[in-house]
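Enquirer: First, the structure itself, so that you have it in front of you.
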Amino acid sequence: MPTARLILRVSCNIIEDMTNIHIGNLSFNTTEEGLRLAFEKFGTVEETRIITDKTTGKSKGFGFVEMADEKQGEKAIKEMDGKMLDGRKIRVSKALAKEQRNDGWQNR
């Protein structure tokens, strides 16, 4: 006789104090290290990512910086928005979670 199995799935929401920052209008010459250096003035940078085209590997002109502390992230956003970086005036804002973005794709 087959035995029944009970599978218990536990979902855990972890509240983080980190701030994920979106940086737009990046120069195609900006590197992840250059992005890190520009934002380290405001606190601990956990990660930098420049989004690249999968085929060519070239920058798409935007990226993300993850700051370790929310207050440091807010200060970085305020201070860096509209500043020049590698010859381009960058746009800096708090990154929206994937489910909050309105990128034109409908829920399927």
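The values are calculated or read from the model by the stated rules, or taken from the named source; none is laboratory data. Given the structure is predicted, the values throughout are model-derived calculations rather than measurements. Cβ: placed from backbone, ideal geometry, glycine included. Neighbour counts: every protein chain shown. Just the protein is used for accessible areas: all its heavy atoms, side chains included, with ligands, DNA and RNA removed. Shrake-Rupley method; radii C 1.70, N 1.55, O 1.52, S 1.80 Å.
Enquirer: Name, by its number, the condition in (1) on the phi > 0 side of the Ramachandran plot; (2) without any contact (Cβ under 8 Å) to a residue 24 or more places away in the chain that does not hold for Thr56.
Expert: Of (1) on the phi > 0 side of the Ramachandran plot; (2) without any contact (Cβ under 8 Å) to a residue 24 or more places away in the chain, only one is false for Thr56: (1).
Enquirer: Looking only at segment 59-80, count how many residues are closer than 18 Å to Thr30 by Cα and free of Cβ contacts under 8 Å to residues at least 12 places away in the same chain.
Expert: The total comes to 1.
Enquirer: Note down all Cβ pairs under 9 Å where the first residue falls in segment 85-96 and is at pLDDT 95 or above, the second is aliphatic (A, V, I, L, M) and assigned to a loop (DSSP other than H, G, I, E, B), and they're at least six residues apart or on different chains.
Expert: What qualifies is Leu85/Leu26; Asp86/Leu26; Arg88/Leu26; Ile90/Leu26.
Enquirer: Shifting gears a bit: For segment 41-53, enumerate the residues that are at negative phi and not charged (D, E, K, R).
Expert: Applying the first criterion (at negative phi) to segment 41-53 yields 41-42, 44-53.
Within segment 41-53, Phe42, Thr44, Val45, Thr48, Ile50, Ile51, Thr52 qualify.
Enquirer: Out of segment 46-72, which residues are open to solvent by less than 60 Å² (accessible area, probe 1.4 Å) and over 11 Å from the mean Cα position of the chain (by Cα)?
Expert: Across segment 46-72, the qualifying residues are Asp53, Gly57, Ser59, Gly61, Ala68, Asp69, Gln72.
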